[in-house]
Amino acid sequence: MQENEFAISICVPSFKKNDDIVYYQLIFTENNQRCSFSVDYRYSHLKLLHQSLSTLKTSLPKFPPTNWWRSTNDNEELIEERRIQLDYFFKNLFQCQGICKSLIMKNFILKSQCLYLKKAEKQQRDIIKKEGKAQAVPPLNKQKSKSQLTTPICGPAEDPIEDPRERSRSWEFKLTKKKTQQIIDKDPKHINNLTFGGVPIFKGILLRFK
């Protein structure tokens, strides 16, 4: 038996079908069981690997043949049969002389590891992006109307400021008070017709703010 230089084994435990395309799961496991990773391959990709290994002029395990007269991917029983044959092929592949030391097999394993890491990184980015969207606060509307940027003018009964001292410090009151004082200085008779924020007010309410 040829010693496995990679100290690794490959098996094909399952497959998955996406529309008309079938992917076979290859699990790469270290012999000490400390590390493993999986990659999904189509039959055509694995067939290219077999063709490359055939150039090594060594005896290889039986590889599942191509069915020219019927579609394997349309029949799950045929797919399962092909999976079993692929599993047999990879489980016995490293027993063949020269396979472990071949650059073809080394490149296949390294390429599979790179595909696994690339897929894992993509999944991690997708998770971070999804969590970021869930925690993101909706941005404020930059095009606010003038009424949103300023304090709305209310009548005495609608004024949200309960403390008259706080009301007296608002810029709307100061502006109205200034106009009121100008009217009083001009004609004291108009004091009963004063308005505050467009709402008529009485003289008594106005005197309370002085």
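The values are calculated or read from the model by the stated rules, or taken from the named source; none is laboratory data. Quick caveat: nothing in here was measured; it's all calculated off a predicted structure. When we count neighbours, we look across all protein chains shown, and the Cβ atoms used for this are built from the backbone with ideal geometry, even at glycine. The protein model used for the area step is the full one, side chains on, heavy atoms only, and it has no ligands, DNA or RNA in it. Shrake-Rupley method; radii C 1.70, N 1.55, O 1.52, S 1.80 Å.
What is the residue count in segment 29-62 for residues that are assigned to a helix (DSSP H, G or I) and either charged (D, E, K, R) or open to solvent by less than 90 Å² (accessible area, probe 1.4 Å) (or both)? Please lay out each step first, then the result.
If we filter segment 29-62 for residues that are assigned to a helix (DSSP H, G or I), which is where we start, we get 43-54.
This time we only want the ones that are either charged (D, E, K, R) or open to solvent by less than 90 Å² (accessible area, probe 1.4 Å) (or both), so: 43-44, 46-47, 49-50, 52-54.
Here the count works out to 9.
Filter segment 97-123 for residues that are open to solvent by 90 Å² or more (accessible area, probe 1.4 Å) and either touching a residue at least 12 places away in the same chain (Cβ under 8 Å) or of a type outside the set (S, T, N, Q) (or both) and give the result.
The answer is Q97, K101, L103, L110, K111, K118, K119, E121, K122.
Is it true that some residue in segment 80-96 is of a type outside the set (F, W, Y), open to solvent by less than 30 Å² (accessible area, probe 1.4 Å), at pLDDT below 90 and closer than 22 Å to E30 by Cβ?
Taking segment 80-96 and keeping what is of a type outside the set (F, W, Y), we get 80-87, 91-93, 95-96.
If we keep only those that are open to solvent by less than 30 Å² (accessible area, probe 1.4 Å) too, we end up with 82, 86-87, 93, 96.
Pick out the ones that are also at pLDDT below 90 and you get 96.
So of that shortlist, the ones also closer than 22 Å to E30 by Cβ come out as 96.
Within segment 80-96, one or more residues are of a type outside the set (F, W, Y), open to solvent by less than 30 Å² (accessible area, probe 1.4 Å), at pLDDT below 90 and closer than 22 Å to E30 by Cβ.
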